[in-house]
Each structure stands twice: as structure tokens, then as C-alpha cells.
1. Would it be correct to say that B:Ser58 is crowded, with 24+ Cβ neighbours inside 10 Å, closer than 22 Å to A:Arg122 by Cβ and among the hydroxyl-bearing types (Ser, Thr, Tyr)?
2. Name every residue in segment B:34-68 that is among the small types (Gly, Ala, Ser) and in contact with a strand residue (DSSP E or B) (Cβ under 6 Å, 6 or more places away or on another chain), in order of residue number.
3. Output the qualifying pairs, or none if there are none: Cβ atoms under 9 angstrom, residues six or more apart or on different chains, first residue in segment B:45-74 and under 18 Å from A:Asp46 (Cα atoms) and among the hydrophobic types (A, V, I, L, M, F, W, C), second residue in a loop (DSSP other than H, G, I, E, B) and open to solvent by less than 20 Å² (accessible area, probe 1.4 Å).
4. Output the strands (runs of 3 or more DSSP E) that fall wholly within chain B and possess 3 or more residues being within 10 Å of chain A (Cβ to nearest Cβ), or say none.
5. Can B:Leu53 be described as within 30 Å of A:Val55 (Cβ to Cβ), in contact with a Gly (Cβ under 9 Å, 6 or more places away or on another chain) and aliphatic (A, V, I, L, M)?
6. Taking the criterion of being closer than 26 Å to A:Ala58 by Cα and open to solvent by 50 Å² or more (accessible area, probe 1.4 Å), would at least one residue in segment B:64-85 satisfy it?
7. Just to check your reading of the model, which residue among A:Val55, A:Val41, A:Val33, A:Val22 is surrounded by fewer than 20 Cβ atoms within 10 Å (Cβ to Cβ), in contact (Cβ under 8 Å) with a residue 24 or more places away in the chain and within 26 Å of B:Arg30 (Cβ to Cβ)?
8. Tell me the residue from B:Ile91, B:Ile108 that is more than 24 Å from B:Gln40 (Cα to Cα) and in contact (Cβ under 8 Å) with a residue 24 or more places away in the chain, please.
Amino acid sequence: MGHESNIDIKKSTGRLFVRAPVHGKSLHHIRTVITDLARQVGFPEDEVAKIEMAVDEACSNIVEHAYNADRNWTWKHPDPEIRLAIHTEADRLIIQIADNGKRFDFSAYRPGNIVDRIRAMRSGGYGIAIMRQFMDEVEYKSDDQNGNTLRLVKCLKKS
Amino acid sequence: MREFRIEQESRGNIQLIHLQGSLDMYSFPRLESQLQTLFQQGRYYVMLDCSQLDYIGSAGLGALIGFAKQARDHDGDLKLLRVPERIYKIIELLGFTKVLQVYTTEEIARASFQKP
């Protein structure tokens with residue numbers, strides 16, 4: 001299918017824009033873009049790994065849930081995509097991840113303690129908790145005009 | 001970018017699976033299928049050689065916990081071997097090493113199986 005060749009990366013006014021098909025093949029390429037950028041910004045490798053995982057969890061959720069959960073939703077988006085807008089503000093790396101898939105009430109979701117889930121040997125439900133643990137700010141909003149946007153922020157000074 | 005690859009070999013009763021590349025939600029079903037086949041054959045002693053692994057996401061980690069639980073229910077186990085430092089730091093920080101056993105050498109991992 002060559003999904004990777006459909007990934008579009010543009011730089012404009014200090015921001016990096018990435019558009020990728022909603023497909024599992026896109027995840028590796030998104031991670032590569034994010035890790036390269038985080039290293040350029042100056043994050044140490046331990047923090048780069050955390051940013052990489054947080055973004056991967058966000059994008060994996062879109063691939064797995066946003067467009068697949070409801071057939072009636074999918075037909076409205078015959079060519080669904082994940083859109084990332086990345087920039088820095090002072091010492092903060094700001095990553096916005098948007099899609100037009102099914103809305104998810106992110107803010108109200110409380111998956112509980114990660115270690116408790118692990119000790120209970122639960123096989124899933126870690127993604128959002130990992131984002132919250134590894135990023136300094138996690139904010140979700142959704143509206144009919146712009147779709148769903150997840151804003152992840154990592155501060156360089158805290159690293 | 002390294003393509004995800006799986007190679008399997010037997011060490012007596014223990015199955016050693018070499019992983020290469022990224023284990024994310026896209027690639028994980030391939031490993032899942034391989035582990036399901038092993039368990040259907042009654043092979044519950046499994047070591048995953050992670051030395052060539054570049055990345056592992058929570059979908060993969062969560063599923064590995066599920067397979068480790070299945071293996072232990074049958075007096076076996078699924079253990080991780082030679083996990084790169086970058087990945088080890090992440091899984092230790094999150095707490096996955098509290099239930100997934102990680103070894104630095106194959107010899108120690110093999111010896112840790114109660115009935116190899």
C-alpha cells in the first residue's frame with residue numbers, strides 16, 4: 001500500500017506539520033520525526049524516549065479507536081489522517097495531535113494507577129496513563145469544526 | 001528504520017525468540033500469533049531476546065504481561081533477555097519489571113526456569 005510514502009512533512013513559521021494516514025505503518029515514521037526533533041531541541045535521551053512513547057500512545061489510540069470504533073463514523077472519512085503540529089515556546093516542546101475520528105472524553109477518563117494494573121496483569125489500558133506520566137501537560141479538546149486535538153507539552157527545564 | 005523481524009529457535013524445552021525493530025501496535029500481532037501458536041503446542045517456556053529491539057509500546061508490553069500470565073498458569077513463563085538500556089529504563093520506570101522478569105544473559109535466564 002506504501003502508506004509511508006504518503007506521510008507529508010512541512011515546516012512553516014517555526015512549526016513542523018506532519019500529516020500521516022491513519023494506519024499502523026505511520027506510527028514508526030511519526031516516532032522518528034518526534035525523536036529527531038526532541039533531540040534537536042536538546043532533551044536528554046531518557047526524556048526523548050518518554051516523549052516518543054507518549055506520542056506513540058496518542059497516535060496508536062487514533063489508529064485503534066478513533067476511526068474504527070464505529071462503522072457509521074468511518075464512512076464520513078474515506079481518507080482519514082493524523083495531523084501533528086509541533087513547535088517550541090521558550091523551553092517547552094508543544095505537540096498537537098489532531099484527528100477527525102470518533103470523539104473521546106479524554107479528560108474524564110481515569111484509568112487508575114499503572115503499577116496496580118501491571119500487578120493485576122492487565123493486558124491493556126495503559127496508553128493514557130503513560131501520556132500523563134511522561135508529559136508535563138496533557139490536554140484534550142474536541143469540536144465539530146476542528147475535530148479532536150490532543151496537546152502534549154514537555155518542558156526542557158524539568159528534564 | 002529497521003523492519004520488524006522475528007526469529008525463533010529451540011534451546012531444549014525453552015523457545016528463544018529473537019526480536020528486531022519496533023514492537024508497536026502495528027507489528028505486535030505478528031509476535032502475538034507466534035506466541036499463541038507456541039502455547040497451543042504446549043510450549044510455555046519462552047525467552048524473548050530483545051537485544052535488537054528499538055522500541056516497545058504499551059500495547060506490546062500489556063500483551064506480554066498477558067502471555068506471561070498464561071505461561072505461568074501452565075507452570076511456565078515468558079522472560080525478557082538482553083533488553084537495551086533505553087527500553088529497560090522506560091519499562092522499569094512504568095513498573096513493568098515488577099511482573100516481567102528481565103535477564104542480562106541467556107545462561108541466567110535459562111537457569112531461572114524451574115523445569116527447563
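1. Values: crowded, with 24+ Cβ neighbours inside 10 Å: yes; closer than 22 Å to A:Arg122 by Cβ: yes; among the hydroxyl-bearing types (Ser, Thr, Tyr): yes.
Spelling it out, B:Ser58 is indeed crowded, with 24+ Cβ neighbours inside 10 Å, closer than 22 Å to A:Arg122 by Cβ and among the hydroxyl-bearing types (Ser, Thr, Tyr).
2. Applying the first criterion (among the small types (Gly, Ala, Ser)) to segment B:34-68 yields B:42, B:51, B:57-60, B:62-63, B:66, B:68.
If the condition is that a residue be among the small types (Gly, Ala, Ser) and in contact with a strand residue (DSSP E or B) (Cβ under 6 Å, 6 or more places away or on another chain), then B:Gly60, B:Ala68 are the ones that fit.
3. B:Ile56/B:Asp24
4. Working: elements: B:5-11, B:14-23, B:45-56, B:77-81.
By residue number, B:45-56.
5. On the way: within 30 Å of A:Val55 (Cβ to Cβ): yes; in contact with a Gly (Cβ under 9 Å, 6 or more places away or on another chain): yes; aliphatic (A, V, I, L, M): yes.
When the stated conditions are applied, B:Leu53 passes them.
6. Of all residues in segment B:64-85, those closer than 26 Å to A:Ala58 by Cα come to B:64-68, B:80, B:83-85.
Then drop every residue that is not open to solvent by 50 Å² or more (accessible area, probe 1.4 Å), which leaves B:85.
There is at least one residue in segment B:64-85 that is closer than 26 Å to A:Ala58 by Cα and open to solvent by 50 Å² or more (accessible area, probe 1.4 Å).
7. On the way: A:Val55 fails: surrounded by fewer than 20 Cβ atoms within 10 Å (Cβ to Cβ); A:Val41 fails: within 26 Å of B:Arg30 (Cβ to Cβ); A:Val22 fails: surrounded by fewer than 20 Cβ atoms within 10 Å (Cβ to Cβ).
Being surrounded by fewer than 20 Cβ atoms within 10 Å (Cβ to Cβ), in contact (Cβ under 8 Å) with a residue 24 or more places away in the chain and within 26 Å of B:Arg30 (Cβ to Cβ) holds for just one of A:Val55, A:Val41, A:Val33, A:Val22, which is A:Val33.
8. Details: B:Ile108 fails: in contact (Cβ under 8 Å) with a residue 24 or more places away in the chain.
So the residue among B:Ile91, B:Ile108 that is more than 24 Å from B:Gln40 (Cα to Cα) and in contact (Cβ under 8 Å) with a residue 24 or more places away in the chain is B:Ile91.
The values are calculated or read from the model by the stated rules, or taken from the named source; none is laboratory data. Predicted model, so just to flag it, every value in this text is computed and none were measured. So basically every Cβ, Gly included, is an ideal-geometry build from the backbone, and we count neighbours across all protein chains shown. Note: accessible area is taken over every heavy atom of the protein model, side chains too, but ligands, DNA and RNA are not part of it. Shrake-Rupley method; radii C 1.70, N 1.55, O 1.52, S 1.80 Å.
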